[in-house]
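Down below is the structure, laid out as structure tokens.
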Amino acid sequence: MAQESPKNSAAEIPVTSNGEVDDSHEHGFNRDLKHSLPSGLGLSETQITSHGFDNTKEGVIEAGAFQGSPAPPLPSVMSPSRVAASRLAQQGSDLIVPAGGQRTQTKSGPVILADEIKNPAMEKLELVRKWSLNTYKCTRQIISEKLGRGSRTVDLELEAQIDILRDNKKKYENILKLAQTLSTQLFQMVHTQRQLGDAFADLSLKSLELHEEFGYNADTQKLLAKNGETLLGAINFFIASVNTLVNKTIEDTLMTVKQYESARIEYDAYRTDLEELNLGPRDANTLPKIEQSQHLFQAHKEKYDKMRNDVSVKLKFLEENKVKVLHNQLVLFHNAIAAYFAGNQKQLEQTLKQFHIKLKTPGVDAPSWLEEQ
């Protein structure tokens, strides 16, 4: 017969208002007590019983035959609140909360939030790191080429066309500068001839004995000023067309050439890195670097090939456009200069009509957009 154990305040059984025993707390206590027993005790049979309110025995553990090493006896009564708190603390430290909100239990580890949001500062830092590495490699390649130690990729045909284009651009800029100087001087001469013609006309009215002589000179200077304005219009049209060709069309092509040269330097820099890695030993540490270098080399090679094709196409179209534009402008310049110094006013005006050049009348503003409509 089991002996009566002294009553413990930690294992009091609650009673409802109608005098019945509250079984929910009792079942929770029994469940916590079962989980608290260590598995290494080797108990063949364990039974946890609780009696009613009128019985003096509480929390008695009845066990069968004991097998295994002896262990210190467990207390007959355990506090359910302490066991539950320890279990909750252990479960809370073993939970991983994924992005979907579902909880899964693992062996150990802190609480981790899956699919973390990327830090913008870290992304910018990674971009700066890649840019710095690329700049370092390109600078090293440029210095090696200038010192004669590094090799460079050369397309002989394309390089020759680029050199010719740059040389022609310098010559066209010189022609443009001289034409602008001629236009400025011609404008000053026309302005002087107009003033001289007005002065002769005024003296023609005031000097009766030299009326005819002053009148002839006045008419001549005014005619020269008029023809000079016509020639000035043709020269300015020539300057505008050549300026568009040099500073827009050719400059746009040279910008593509600069991009092509930058792509060529990057291609040679990564090609040199890949060659150095291939010459070194191949082991578990170098193989990933070789694969990454091969991938970067292939990407820059595709970029280099694309830029080379773009430059070839632009050079072809530029040559066709240059021939067409300069042919018309040189014909205009020649006919206008020849007609002006020959005194052939009709041919000079016909030249301007042939190239659809409209002269601005001195002192008259350009028509508004309503008048043009």
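The values are calculated or read from the model by the stated rules, or taken from the named source; none is laboratory data. It should be emphasised that the depicted structure is a prediction, and the values quoted were computed from it without experimental measurement. Reconstructed Cβ throughout: ideal geometry from the backbone, glycine too, with neighbour counts over all protein chains shown. Please note that ligands, DNA and RNA were not included when accessible areas were found on the heavy atoms of the full protein model with its side chains. Shrake-Rupley method; radii C 1.70, N 1.55, O 1.52, S 1.80 Å.
The rows are residues; the columns are (1) touching a Phe, Trp or Tyr at 6+ places or on another chain (Cβ under 6 Å); (2) closer than 30 Å to Ile164 by Cβ.
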residue: Thr220; (1), (2): no, no
residue: Leu223; (1), (2): no, no
residue: Thr230; (1), (2): no, no
residue: Ile239; (1), (2): no, yes
residue: Leu254; (1), (2): no, yes
residue: Glu261; (1), (2): no, yes
residue: Glu266; (1), (2): no, yes
residue: Leu274; (1), (2): yes, no
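Matching residues to (1) closer than 29 Å to Asn335 by Cβ; (2) among the aromatic types (Phe, Trp, Tyr); (3) in contact with a helix residue (DSSP H, G or I) (Cβ under 8 Å, 6 or more places away or on another chain); (4) surrounded by fewer than 16 Cβ atoms within 10 Å (Cβ to Cβ):
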residue: Thr192; (1), (2), (3), (4): yes, no, no, yes
residue: Gln195; (1), (2), (3), (4): yes, no, no, yes
residue: Ala201; (1), (2), (3), (4): no, no, yes, no
residue: Gln221; (1), (2), (3), (4): yes, no, yes, no
residue: Glu229; (1), (2), (3), (4): yes, no, yes, no
Given the conditions (1) touching a residue at least 24 places away in the same chain (Cβ under 8 Å); (2) surrounded by fewer than 18 Cβ atoms within 10 Å (Cβ to Cβ), every one holds for Ile235 apart from (2)
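Looking only at residues that are open to solvent by 30 Å² or more (accessible area, probe 1.4 Å) and not acidic (Asp, Glu) in region 287-296, which one is farthest from the chain's Cα centre (by Cα)?
First, the residues of region 287-296 that are open to solvent by 30 Å² or more (accessible area, probe 1.4 Å): 287-289, 291-292, 294-296.
Subset that is not acidic (Asp, Glu): 287-289, 292, 294-296.
Numbers: Leu287: 30, Pro288: 27, Lys289: 26, Gln292: 22, Gln294: 23, His295: 20, Leu296: 18 Å.
Selected residue: Leu287.
Could you list, in sequence order, all residues of region 243-270 that are under 15 Å from Lys316 (Cα atoms), surrounded by 14 or more Cβ atoms within 10 Å (Cβ to Cβ) and not hydrophobic (A, V, I, L, M, F, W, C)?
Thr249, Thr253, Thr256
Taking the options Lys316, Lys346, name whichever one is surrounded by fewer than 12 Cβ atoms within 10 Å (Cβ to Cβ), free of Cβ contacts under 8 Å to residues at least 40 places away in the same chain and within 34 Å of the chain's Cα centre (by Cα).
On the way: Lys346 fails: within 34 Å of the chain's Cα centre (by Cα).
That would be Lys316, the only listed residue that is surrounded by fewer than 12 Cβ atoms within 10 Å (Cβ to Cβ), free of Cβ contacts under 8 Å to residues at least 40 places away in the same chain and within 34 Å of the chain's Cα centre (by Cα).
Just give me the residues in region 136-158 being exposed (fewer than 11 other Cβ atoms within 10 Å of the Cβ) and part of a helix (DSSP H, G or I), in sequence order. Give the derivation first.
Keep residues of region 136-158 that are exposed (fewer than 11 other Cβ atoms within 10 Å of the Cβ), which gives 146-149, 154, 156-157.
Residues satisfying the conditions are Lys146, Leu147, Leu156, Glu157.
Give Glu320, Glu275, Glu302 a once-over and let me know the one that is at pLDDT below 85 and outside any loop (DSSP other than H, G, I, E, B). Full working, then the answer.
Details: Glu320 fails: at pLDDT below 85; Glu302 fails: at pLDDT below 85.
Result: Glu275 is the single residue among Glu320, Glu275, Glu302 that is at pLDDT below 85 and outside any loop (DSSP other than H, G, I, E, B).
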Given the conditions (1) at pLDDT below 90; (2) over 26 Å from Thr230 (Cα atoms), every one holds for Glu349 apart from (2)
